[in-house]
Amino acid sequence: MKVGGSSDSNSLDKLGRSSSRSSASGSKASAATTASDSISFSDLSSKLQELEKSLATSEEFDAGRVESIKQAIRDGQFLIDSGVVADKLLQSVQELFGKAA
């Protein structure tokens, strides 16, 4: 396959001219319709926007808590309860299957 040949560049040039013409005529048409167009969001969309704003303003994590856990791991005092880990894993799987069903 030949790349960069004159026929390829001519085709691309014609395509670029064609799309620029259609976008110019499209912008005239869209300018005429935007005066009367309106946008409305569903309740779910509005809730998602509110959630996004609240997450953006809230802290992602407690730095003090993270540091205390790091220190406990360094000191060998951090204990992992395998029962709690298993319960949380099962709960997570149940939520996944519940949402998929």
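The values are calculated or read from the model by the stated rules, or taken from the named source; none is laboratory data. Please read these numbers as outputs of a predicted model, since none were measured by experiment. Because the Cβ atoms are built from the backbone with ideal geometry, glycine has one as well, and the counts that use them run over all protein chains shown.
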Notebook entry, point to check: Can you tell me how many residues in region 74-86 are exposed (fewer than 10 other Cβ atoms within 10 Å of the Cβ) and assigned to a helix (DSSP H, G or I)?
Noted result: 5
Checklist line | So residue 46, is it in a helix (DSSP H, G or I) and surrounded by 10 or more Cβ atoms within 10 Å (Cβ to Cβ) | finding: yes
Margin query: Step by step: first the residues of region 30-43, then only those that are at pLDDT below 80 and in a helix (DSSP H, G or I), then the one that is farthest from the chain's Cα centre (by Cα). Which residue is that?
Written below: 32
Notebook entry, point to check: What residue, of 87, 62, is at pLDDT below 90 and charged (D, E, K, R)?
Noted result: 62
